[in-house]
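Undergrad: Before I ask anything, let me first share the structure, which is written out below as structure tokens.
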Amino acid sequence: YGVPVHADDAGGAAARPLMYLAIPKTGSTTVRALVNRTETPRGGFALVDDPAFPRPALRAFTFVREPLERFLSAYASKCEMGDFDGRNNCHNVFKLPNPTIEAVADRLSTYGYSNVHWIPQSHFCGGTVDTHWLSFTDHVDMHKLSAGILKILGGRVPEAVMRSLKKQLTANHTSSHITHAEQRIRTLTPNVRRKLVDFYWADYRLFLIHGA
């Protein structure tokens with residue numbers, strides 16, 4: 001994971017809320033659970049999950065993920081029915097009764113832009129992630145995502161919000177929904193890998209420029 005911080009972030013816990021942009025399959029369920037349960041005084045959180053949301057006037061942060069890992073996480077939870085809404089977010093999207101990885105990879109360029117689980121991460125925030133975000137400021141171990149949030153938000157939100165976050169983490173209320181996909185990347189055929197890299201090339205380019 002990398003964490004981009006919006007260019008309007010001056011680096012301090014200003015009065016403006018800190019907006020979290022939820023990109024599916026990047027730990028958003030875990031972060032969303034924290035945000036929703038955290039007390040939000042002025043300078044706290046706002047939550048946005050619309051990929052067409054325009055450049056925000058608020059300070060903002062999000063999580064991004066290695067694109068092949070994100071694809072495989074979405075495939076496991078949606079196409080292999082790991083989640084209850086899998087059929088709506090895979091079978092119906094790609095119009096496939098039996099959505100194999102090969103078949104989904106073939107149809108990404110046709111149908112992948114129509115569903116937030118498959119849209120390239122660089123297309124979120126109205127497509128302004130490339131031009132209006134400063135840099136990828138932190139690297140977070142996906143197995144320690146909840147704990148990493150405290151490090152990332154330190155100094156960027158008021159102390160009252162940090163105390164609430166720590167309380168939530170201590171109470172272990174966060175989700176364990178994250179689908180791990182690192183090992184599965186090795187099983188992809190060269191043909192499928194090429195199609196995936198082609199579809200998510202804008203993400204790879206963006207992450208390379210910013211050093212994610």
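Undergrad: Name the residues whose placed amide hydrogens come within less than 5 Å of the amide hydrogen of residue 20, ignoring near sequence neighbours (fewer than 5 apart) on the same chain.
TA: Hits under the 5 Å cutoff: 46, 47, 48, 61.
Undergrad: Okay, moving on. Which value, in Å² and to the nearest 10, is the accessible area of residue 193 when all protein chains are kept and the probe is 1.4 Å?
TA: Its accessible surface works out to 90 Å², give or take rounding.
Undergrad: Measure up 78/151; 78/166; 144/167; 25/95; 144/195; 95/144 against 28 Å on the Cα-Cα distance and list the ones that go over.
TA: 78/151; 78/166; 144/195; 95/144
Undergrad: Next up: Convert each backbone phi in segment 146-151 into a coupling constant with the Karplus relation 6.51 cos²θ - 1.76 cosθ + 1.60 (shift: θ = phi - 60°), then list the ³J(HN,Hα) values in order as whole Hz, x for Gly and Pro.
TA: Per residue, the Karplus-derived 3J(HN,Hα) values read 4, 5, x, 4, 4, 5 Hz.
The values are calculated or read from the model by the stated rules, or taken from the named source; none is laboratory data. Predicted model only: the values in this text are computed from it and were never measured. Note: accessible area is taken over every heavy atom of the protein model, side chains too, but ligands, DNA and RNA are not part of it. Shrake-Rupley method; radii C 1.70, N 1.55, O 1.52, S 1.80 Å.
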